[in-house]
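Colleague: Handing you this structure, nothing more for now.
The values are calculated or read from the model by the stated rules, or taken from the named source; none is laboratory data. Owing to the predicted nature of the structure, the values given are computational and were not obtained by experimental measurement. Here Cβ is always computed from backbone atoms with ideal geometry, including for glycine, and neighbour counts include all displayed protein chains.
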Amino acid sequence: MMSETILELRNVAKVFEMGGEAPVTALSGISLAIEDGDFVAILGRSGSGKSTLLSILGCLDLPTSGEVLVRGQDVSSMSENELALVRNREIGFVFQSFHLLPHYNAVLNVEMPLLYAGRLEPQKRAAEILERVGLGERLWHFPHQMSGGQRQRVAIARALANNPHLLLADEPTGNLDSRTGQDILTLFHELNATGATVVIVTHDHQVAAVARRVISLADGSVASDRRSMSPGGFQ
Amino acid sequence: MRLNESMRIARANLLANKTRSFLSVMGLVIGIAAATVVAAIANGVRLSVLESLSSMGTQVLYLFPNFETARGGERVQQLTHEGLVRLAELPFVEAAFPQMSYSGAARGALNELRLDAMGIYPRYLEVYRIPVVEGRGFNDRDLEVKARICLLEVQTAQKLYGAAGALGKMLRFGRTSYEVVGLVKRSSVPLGFGNGVETSLYIPLPTLFRQEASMIGSMGSAEIWIKKDYKGDPKEDILVAAAGNPQRKALFMIQDPKALIEEMQKTSGRLQRTMLMLAGISLLVGGIGIMNVMLISVAERTREIGLRKAIGASSRDILLQFLVEVLLLSGLGGAGGVGAGVLAVWLTPQLSSGDVPMAIVPSAIFVALAFSVVVGGIFGLYPAFSASRLSPLEALRHE
């Protein structure tokens, strides 16, 4: 059975005009496809173009050339408001610095994408997801009352709120200690096991090793694309 | 995104930053408060003018010697008894009451002062809005019996009798003693010279006539009541009757209290418009203040805006969010301003001597609230619009 291609990039390039200086090519000739249910790590050092690729995968930015297809639909010519809709419905983005609103508690933070989707009973759904990621005891706590790992979980819960087809995480363990980081990676594993398609962008080999497929990025293009045969990833 | 969700977000955001919200809306609050007070003053003046106009059912005119015709020490021509008779006989005159002013020494319990006194009829107090603050005014019976009574101005009474009070005491004036039956304050209506602005002592005119018999033969001024249905202009005929001779009519002049009050109304109308304009300017300043604070708020919340867009907010969602915030803020500010204005109007009579009439205008309150919301909307539009135009990627990277 062919599983659905959630996200596909066809010959994507991104060039930045730098004013008076020569233009910078951040990405060139990127072609890849993310299948439903997959667990992918995009590995690259800083300067490899992984941040740019991340923005394009997350539909926060559009390529200079090439096509981006989200579940078969080409988004490369969409308006900003149309892209916002795609981000709301199809993609759950977990930012490296979490970007939680400090004056909102956990439930209010997780509610946000639900409200923008016009969803009924947002509070109930928010509480459900927070429980799913293990924060049932901290529903009404504010970010400053939580540890780094707990904030990360709130960010993940928010990303999952609208039941997106793709969960996209930027350096998910970057701001955490190794033990908490391990817990978070385990959470991603669990989520993937229950059907979520997960893409992690990282510079850390050990983090990338938990995925089943590792795409290595260097100097703006794909250096390698390897798949592990074992369900536990490359560990 | 639905409106009540926007409202919830707006309320949460405003509460999160109470101090800033409060300060940003101060200009608006002051502007609205000022406008409320101005409207109350204008309305108060309007009501008191209407009151005095309506209390003058009959047209009343005041005849005075024309002081300007007396030059170089020439004596001013007073109204004579014959002149009074001529006036009373005019076909359109209902009645003519003379008034007399007279300077003399008055002796009270504590000391003696030189006072300006006036012989009047009872209606004089009402027409010239001289309030009786203690005791009573004059009535028709006093006139009938030529009662030897008087009214003293409060501060003069204080000087003459001190803490013991003047009411009920005897005052010596001229060659007679008069019982003080009431204390009055100075008229709040500035109707110009001749109405006894400096008068401290009032005595019923028939009494003064009888007691100071030497004064018969010349009278200061006269109050003339015109018959109700007379539609013509009586002034010319009155002047001629008073002088006895058409060539000498310039010896007298006429003061029309109604016209004066209407003039005062016009002046206060001009004043009111000026004050409203100033209130409007401060509203404008308040609006600019709101806009500036909103701009700062948007700049500070750039990352938040980026995040909201990243998880699915459209430009319209962001615009609506900030617009609702600013409308809520300015609406609350307007309500606060109205509250402050009403409080100021309520407190002022307690603090001042109550000379300034004020009355709250209910419709002005709604106008004020509507204005503040509109001002907030207009001045908040630019910041809200610039917030909605942010690119999520750049906004997220913002410091």
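Colleague: Assuming residue B:43 fulfils every condition listed in (1) at pLDDT below 80; (2) within 28 Å of residue B:230 (Cβ to Cβ); (3) buried (at least 17 other Cβ atoms within 10 Å of the Cβ) apart from one, which condition is it?
Modeller: Evaluating residue B:43 over (1) at pLDDT below 80; (2) within 28 Å of residue B:230 (Cβ to Cβ); (3) buried (at least 17 other Cβ atoms within 10 Å of the Cβ) leaves (2) as the failure.
Colleague: While we're here: Of the residues that sit in segment A:37-68 and are surrounded by fewer than 20 Cβ atoms within 10 Å (Cβ to Cβ), among the small types (Gly, Ala, Ser) and part of a loop (DSSP other than H, G, I, E, B), which one is farthest from the other protein chains (Cβ to nearest Cβ)?
Modeller: Among residues in segment A:37-68 that are surrounded by fewer than 20 Cβ atoms within 10 Å (Cβ to Cβ), among the small types (Gly, Ala, Ser) and part of a loop (DSSP other than H, G, I, E, B), the one farthest from the other protein chains (Cβ to nearest Cβ) is A:37.
Colleague: Criterion first (assigned to a helix (DSSP H, G or I) and facing another protein chain (nearest Cβ under 10 Å)) does residue A:125 satisfy it? Write out each step before concluding.
Modeller: On the way: assigned to a helix (DSSP H, G or I): yes; facing another protein chain (nearest Cβ under 10 Å): no.
In short, no.
Colleague: One residue is enough: does segment A:79-102 have a residue meeting the conditions in a helix (DSSP H, G or I), touching a Gly at 6+ places or on another chain (Cβ under 8 Å), under 23 Å from residue A:173 (Cα atoms) and facing chain B (nearest Cβ under 10 Å)?
Modeller: Step one: list which residues in segment A:79-102 are in a helix (DSSP H, G or I), which gives A:80-89.
The next check asks that each one be touching a Gly at 6+ places or on another chain (Cβ under 8 Å); those that pass are A:84-85, A:87-89.
Cutting the leftovers down to under 23 Å from residue A:173 (Cα atoms) gives us A:87.
Still in the list and also facing chain B (nearest Cβ under 10 Å): A:87.
Within segment A:79-102, one or more residues are in a helix (DSSP H, G or I), touching a Gly at 6+ places or on another chain (Cβ under 8 Å), under 23 Å from residue A:173 (Cα atoms) and facing chain B (nearest Cβ under 10 Å).
Colleague: Follow-up question, since we're still on this one. Please list, ordered by residue number, the helices (runs of 4 or more DSSP H) wholly in segment A:143-235 having 3 or more residues that are surrounded by fewer than 18 Cβ atoms within 10 Å (Cβ to Cβ).
Modeller: Details: elements: A:148-160, A:178-193, A:205-208.
Because the criterion is at least 3 residues that are surrounded by fewer than 18 Cβ atoms within 10 Å (Cβ to Cβ), the helices (runs of 4 or more DSSP H) in segment A:143-235 that meet it are A:178-193.
Colleague: Here's something else I'd like to know. Can you name the residue in segment B:183-207 that is among the hydroxyl-bearing types (Ser, Thr, Tyr) and in contact with a strand residue (DSSP E or B) (Cβ under 6 Å, 6 or more places away or on another chain) and is also modelled with the lowest pLDDT among such residues?
Modeller: B:199
Colleague: Could you tell me how many of the residues in segment A:109-142 are crowded, with 21+ Cβ neighbours inside 10 Å and polar (S, T, N, Q)?
Modeller: Matching residues across segment A:109-142 total 1.
Colleague: Also, I was wondering about something else. Going by the structure shown, is residue A:71 among the basic types (Lys, Arg), closer than 24 Å to residue B:313 by Cα and crowded, with 17+ Cβ neighbours inside 10 Å?
Modeller: For residue A:71, the condition - among the basic types (Lys, Arg), closer than 24 Å to residue B:313 by Cα and crowded, with 17+ Cβ neighbours inside 10 Å - is not met.
Colleague: Residue by residue through segment B:295-326, note down the ones that are away from every other protein chain (no Cβ under 14 Å) and crowded, with 20+ Cβ neighbours inside 10 Å.
Modeller: Restricting attention to segment B:295-326, the residues satisfying the condition of being away from every other protein chain (no Cβ under 14 Å) are B:295-296, B:298-299, B:322-323, B:326.
B:298, B:322, B:323, B:326 - these are the residues of segment B:295-326 that are away from every other protein chain (no Cβ under 14 Å) and crowded, with 20+ Cβ neighbours inside 10 Å.
Colleague: Of the numbered conditions (1) touching a Leu at 6+ places or on another chain (Cβ under 6 Å); (2) more than 14 Å from chain B (Cβ to nearest Cβ), residue A:145 satisfies every one except a single condition; which is it?
Modeller: So residue A:145 meets the others, but not (1).
A quick yes/no check of all residues on (1) more than 28 Å from residue B:25 (Cα to Cα); (2) modelled with pLDDT of 80 or more:
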position: B:261; (1), (2): yes, no
position: B:279; (1), (2): no, no
position: B:315; (1), (2): no, yes
position: B:324; (1), (2): no, yes
position: B:328; (1), (2): no, yes
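Colleague: Assess whether residue A:134 counts as being in contact with a Ser or Thr (Cβ under 8 Å, 6 or more places away or on another chain) and either of a type in the set (D, E, K, R) or more than 9 Å from chain B (Cβ to nearest Cβ) (or both).
Modeller: So residue A:134 fails the test.
Colleague: Now for a different question. State which residue pairs qualify: first residue within 13 Å of another protein chain (Cβ to nearest Cβ) and inside segment B:1-28, second residue surrounded by 15 or more Cβ atoms within 10 Å (Cβ to Cβ) and of a type in the set (Gly, Ala, Ser) in any location, beta carbons under 7 Å apart, and separation of 6 or more residues or different chains.
Modeller: Taking only residues 6 or more apart or on different chains, the pairs are B:14/B:21.
Colleague: Sticking with this structure for a sec: Scan segment B:93-111 for residues that are touching a residue at least 40 places away in the same chain (Cβ under 8 Å) and either surrounded by fewer than 18 Cβ atoms within 10 Å (Cβ to Cβ) or of a type in the set (Ser, Thr, Tyr) (or both) and report the count.
Modeller: To start, the set of residues in segment B:93-111 that are touching a residue at least 40 places away in the same chain (Cβ under 8 Å) comprises B:93-102, B:104-111.
Checking the rest, the ones that are also either surrounded by fewer than 18 Cβ atoms within 10 Å (Cβ to Cβ) or of a type in the set (Ser, Thr, Tyr) (or both) come to B:94-95, B:101-102, B:104-105, B:107, B:109-111.
Residues in segment B:93-111 being touching a residue at least 40 places away in the same chain (Cβ under 8 Å) and either surrounded by fewer than 18 Cβ atoms within 10 Å (Cβ to Cβ) or of a type in the set (Ser, Thr, Tyr) (or both): 10 in total.
Colleague: Hey, another quick one. Please go through (1) in contact (Cβ under 8 Å) with a residue 12 or more places away in the chain; (2) farther than 22 Å from residue B:4 by Cα; (3) touching a Ser or Thr at 6+ places or on another chain (Cβ under 9 Å) for residue A:116 and return the number of the only condition it doesn't satisfy.
Modeller: Going through the list (1) in contact (Cβ under 8 Å) with a residue 12 or more places away in the chain; (2) farther than 22 Å from residue B:4 by Cα; (3) touching a Ser or Thr at 6+ places or on another chain (Cβ under 9 Å), residue A:116 breaks only (2).
Colleague: Filter segment A:112-153 down to residues that are hydroxyl-bearing (Ser, Thr, Tyr) and in contact with a Gly (Cβ under 9 Å, 6 or more places away or on another chain), then give me how many there are.
Modeller: 1
Colleague: For segment B:232-251, indicate whether the set of residues that are within 14 Å of another protein chain (Cβ to nearest Cβ) and surrounded by fewer than 16 Cβ atoms within 10 Å (Cβ to Cβ) is non-empty.
Modeller: No, segment B:232-251 contains no residue that is within 14 Å of another protein chain (Cβ to nearest Cβ) and surrounded by fewer than 16 Cβ atoms within 10 Å (Cβ to Cβ).
Colleague: Here is a follow-up. Test residue A:155 against the criterion of being over 18 Å from the mean Cα position of the chain (by Cα) and within 19 Å of residue B:304 (Cβ to Cβ), and give yes or no.
Modeller: No, not satisfied.
Colleague: If only one of B:55, B:6 is at pLDDT below 80 and within 18 Å of the chain's Cα centre (by Cα), which one is it?
Modeller: On inspection, the qualifying residue turns out to be B:55.
Colleague: Follow-up question, since we're still on this one. Given the criterion over 24 Å from residue A:105 (Cβ atoms) and touching a residue at least 40 places away in the same chain (Cβ under 8 Å), identify the matching residue among A:195, A:134, A:181.
Modeller: Answer to the check: A:195.
Colleague: Does residue A:81 meet the test of being closer than 20 Å to residue B:388 by Cβ, within 14 Å of the chain's Cα centre (by Cα) and either surrounded by fewer than 20 Cβ atoms within 10 Å (Cβ to Cβ) or in contact (Cβ under 8 Å) with a residue 40 or more places away in the chain (or both)? Steps first, please.
Modeller: Values: closer than 20 Å to residue B:388 by Cβ: yes; within 14 Å of the chain's Cα centre (by Cα): no; either surrounded by fewer than 20 Cβ atoms within 10 Å (Cβ to Cβ) or in contact (Cβ under 8 Å) with a residue 40 or more places away in the chain (or both): yes.
Criteria not met by residue A:81.
Colleague: Going residue by residue through segment B:150-163, is there one that turns out to be modelled with pLDDT under 85 and under 22 Å from residue B:207 (Cα atoms)?
Modeller: No: zero hits.
Colleague: Can you name the residue in segment A:103-113 that is at the interface with chain B (Cβ under 9 Å from one of its Cβ atoms) and more than 19 Å from the chain's Cα centre (by Cα) and is also modelled with the lowest pLDDT among such residues?
Modeller: Only one residue tops the list, namely A:103.
Colleague: I've got another one for you. Could you check, for segment A:171-180, whether at least one of its residues is among the polar types (S, T, N, Q), under 20 Å from residue A:33 (Cα atoms) and more than 14 Å from the chain's Cα centre (by Cα)?
Modeller: no
Colleague: Could I ask something else about it? Just a yes or no: is a residue in segment B:73-84 at pLDDT 75 or above, farther than 30 Å from residue B:270 by Cβ and crowded, with 22+ Cβ neighbours inside 10 Å?
Modeller: Looking for residues that are at pLDDT 75 or above, farther than 30 Å from residue B:270 by Cβ and crowded, with 22+ Cβ neighbours inside 10 Å, one finds at least one in segment B:73-84, hence yes.
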